[in-house]
1. Of the residues that make up segment 142-156, is at least one of a type in the set (Asp, Glu), modelled with pLDDT of 95 or more and either under 21 Å from the mean Cα position of the chain (by Cα) or assigned to a helix (DSSP H, G or I) (or both)?
2. Restricting attention to segment 167-186, which residues are charged (D, E, K, R) and in contact (Cβ under 8 Å) with a residue 12 or more places away in the chain?
3. Can you tell me which residue within segment 55-91, out of those that are open to solvent by 70 Å² or more (accessible area, probe 1.4 Å) and among the small types (Gly, Ala, Ser), is modelled with the lowest pLDDT?
4. Could you check how many residues of segment 101-137 are of a type outside the set (D, E, K, R), within 25 Å of GLU200 (Cα to Cα) and assigned to a helix (DSSP H, G or I)?
5. Is it the case that some residue within segment 111-133 is within 30 Å of LEU169 (Cα to Cα) and either open to solvent by 80 Å² or more (accessible area, probe 1.4 Å) or over 17 Å from the mean Cα position of the chain (by Cα) (or both)?
6. Can you work out which of the residues in segment 137-196 that are open to solvent by less than 20 Å² (accessible area, probe 1.4 Å) and either in contact with an Asp or Glu (Cβ under 7 Å, 6 or more places away or on another chain) or of a type in the set (Phe, Trp, Tyr) (or both) is farthest from LEU80 (Cα to Cα)?
Amino acid sequence: MSVRVWCALFPLLLGCAASAPESRARSSSARADLRADTAGRSIAADEGQADHKLVRTAWLTLEVPAQDQVSTALADARRLATSLGGYVEAERTDAVTVKIPNERLETAIAQIERGGKLTRRDVEVQNVTAEYTDLAIRIENARTMRQRLQALLERTDDVQKLLEIERELGRVTVELERLEGQMRLMENQVQFATLYLTVEKELRPGPLGWVVIGMARATKWLFIQD
């Protein structure tokens with residue numbers, strides 16, 4: 001916001017704050033409670049009881065014996081995601097991306113492994129507790145500012161100041177909606193793990209292929225002893 005706009009709004013914001021000490025106290029108390037709750041969770045983390053915000057992502061590659069089993073394995077993965085309380089996010093002919101409730105990710109992986117041979121199993125866990133807490137505080141601050149501007153809008157009769165307050169109120173509202181959108185996305189990522197599954201037909205070497213494999217193994221035996 002420009003200096004001119006702040007100069008116009010500052011006396012009004014100051015007057016609003018002075019005429020509504022209880023509102024300011026409640027806002028400060030809310031932020032203090034939020035920080036206290038965050039501190040409480042940090043203490044609980046040391047005791048192994050923290051409510052961490054974790055984002056889990058898994059990459060799996062499954063080999064199946066026959067080509068017609070590729071589509072079968074993908075269909076099984078889609079049904080599995082639904083049965084566990086998740087959903088399908090994206091799919092193509094040889095892969096599918098599903099969302100699985102965070103606490104059921106390992107169950108899903110174990111179930112998928114029964115359908116063939118896992119040649120890739122990578123699981124990443126990201127702790128976003130700090131980002132989540134920071135975002136919650138920013139949302140609370142934006143809501144408080146919007147409430148103050150709305151109160152100013154009701155108390156002001158000057159047309160020029162009304163226009164300036166409305167512009168600032170619009171900016172704060174857009175920012176609040178953006179932050180709330182980020183929060184919804186983060187909450188979804190925390191609630192549901194993302195599982196990327198690729199299904200491939202197992203490659204079996206022909207006669208010459210076995211010869212090459214045999215020579216490679218013999219060469220390894222000659223030069224490398226396990």
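The values are calculated or read from the model by the stated rules, or taken from the named source; none is laboratory data. Given the structure is predicted, the values throughout are model-derived calculations rather than measurements. Here the Cβ positions follow ideal geometry from the backbone for every residue, glycine too, while neighbour counts run over all protein chains shown. The area values use the complete protein model at the heavy-atom level, side chains included, leaving out ligands, DNA and RNA. Shrake-Rupley method; radii C 1.70, N 1.55, O 1.52, S 1.80 Å.
1. no
2. Result: ARG167, GLU168, ARG171, GLU175, GLU180.
3. SER71
4. Residues in segment 101-137 being of a type outside the set (D, E, K, R), within 25 Å of GLU200 (Cα to Cα) and assigned to a helix (DSSP H, G or I): 7 in total.
5. yes
6. Step by step, filter segment 137-196, then rank; the result is LEU149.
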